[in-house]
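Undergrad: First the structure, which I've put down as structure tokens, then a few questions once you've had a look.
The values are calculated or read from the model by the stated rules, or taken from the named source; none is laboratory data. Source: prediction; values computed, not measured. Don't worry about glycine lacking a Cβ; one is built from the backbone with ideal geometry, like all the others, and counts go over all protein chains shown.
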Amino acid sequence: MSYFRPSSQALNRGRARESRSTETSKYLGDTSLPDNSGLYVPVSKTVNLWVSNIPPGITHHEFLGFIRGSGKVRSLVLYKPVGKHKTAAAALSFFRHDRARKFIENCTSGEITMHDKAIWATWNRHRVAEPEDDSVSRVLIIEGCAKFVNRQYLDEFLPSKVFYDIDEIIEHKGKQGDNGERAKIEYRFASCRGQAVLALIALRKEHWHQSLTVEYGKDPCEESDAVNGYSPDNHLISPALN
């Protein structure tokens, strides 16, 4: 049997979460480091944004809900308020430059707000090029034997392999198959690269013999819903993993 080696962030989960607040300055800081600059990517091609003035305490689920219809999301990283800053911030990247540019325009015009509060968006100093493969997604559709496709099992297996943040988890109606009960669960991660992609690889590598299928699903942020039509009161928020 082939095993998936856990990501370094999954192995150091506590430190990874701590860095979201106490090490934010490092993320914003030394742009002389190649990995922190992305200088090989021109501004006209980058998809990465820095979003600020976000209400403190906002969840990934709420943030992504407020930007429905803005475009397919590549990744979202939230940063808690630090020091004198009273609001949160985020690194948000899309799959396409034109969607990122439009997002900046919508924030500037006041079309996108969060909890009735205007947010600000600008190009992130860490530039990121458009992904070459747009068939991947931050959403996974997991289907198979109910013994493995259930919240209890997956919420133990996935964190042991991958460090991730959750938008929401949707349990779809299962059905009876030739080999017993089959279940279907949709995991909407906060990011594609490093989260959904690694989760898919881990599941396929360690459960290939158990009639389990894992496919990419459609990102709800691609939908043509009203950009600011989200209300947290009308959505079930799945608990984030600590």
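Undergrad: Only one of (1) assigned to a loop (DSSP other than H, G, I, E, B); (2) buried (at least 21 other Cβ atoms within 10 Å of the Cβ); (3) of a type outside the set (G, A, S) fails for F63. Which number is that?
TA: F63 satisfies all of (1) assigned to a loop (DSSP other than H, G, I, E, B); (2) buried (at least 21 other Cβ atoms within 10 Å of the Cβ); (3) of a type outside the set (G, A, S) except (1).
Undergrad: I'm checking my understanding of the structure. Among residues of the range 82-95 that are farther than 22 Å from A129 by Cα and either among the β-branched types (V, I, T) or at pLDDT 95 or above (or both), which one is nearest to the chain's Cα centre (by Cα)? Full working, then the answer.
TA: Here is the first cut: in the range 82-95, the ones farther than 22 Å from A129 by Cα are 82-88.
With the extra rule that they be either among the β-branched types (V, I, T) or at pLDDT 95 or above (or both), the set shrinks to 82, 87-88.
On the way: V82: 22, T87: 20, A88: 17 Å.
Only one residue tops the list, namely A88.
Undergrad: Limited to the range 72-81, what total is found for residues that are of a type outside the set (D, E, K, R), buried (at least 21 other Cβ atoms within 10 Å of the Cβ) and more than 17 Å from K117 (Cβ to Cβ)?
TA: Summing the residues that are of a type outside the set (D, E, K, R), buried (at least 21 other Cβ atoms within 10 Å of the Cβ) and more than 17 Å from K117 (Cβ to Cβ) in the range 72-81 gives 3.
Residues are listed down the side, and each one gets a yes or a no for (1) modelled with pLDDT under 90; (2) farther than 18 Å from A146 by Cα:
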position: I170; (1), (2): no, no
position: Y187; (1), (2): no, no
position: A190; (1), (2): no, yes
position: S211; (1), (2): yes, no
position: E223; (1), (2): yes, yes
position: N234; (1), (2): yes, yes
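Undergrad: Among the residues of the range 56-74, are any modelled with pLDDT of 95 or more, of a type in the set (K, R) and over 19 Å from C192 (Cα atoms)?
TA: Within the range 56-74, not a single residue is modelled with pLDDT of 95 or more, of a type in the set (K, R) and over 19 Å from C192 (Cα atoms).
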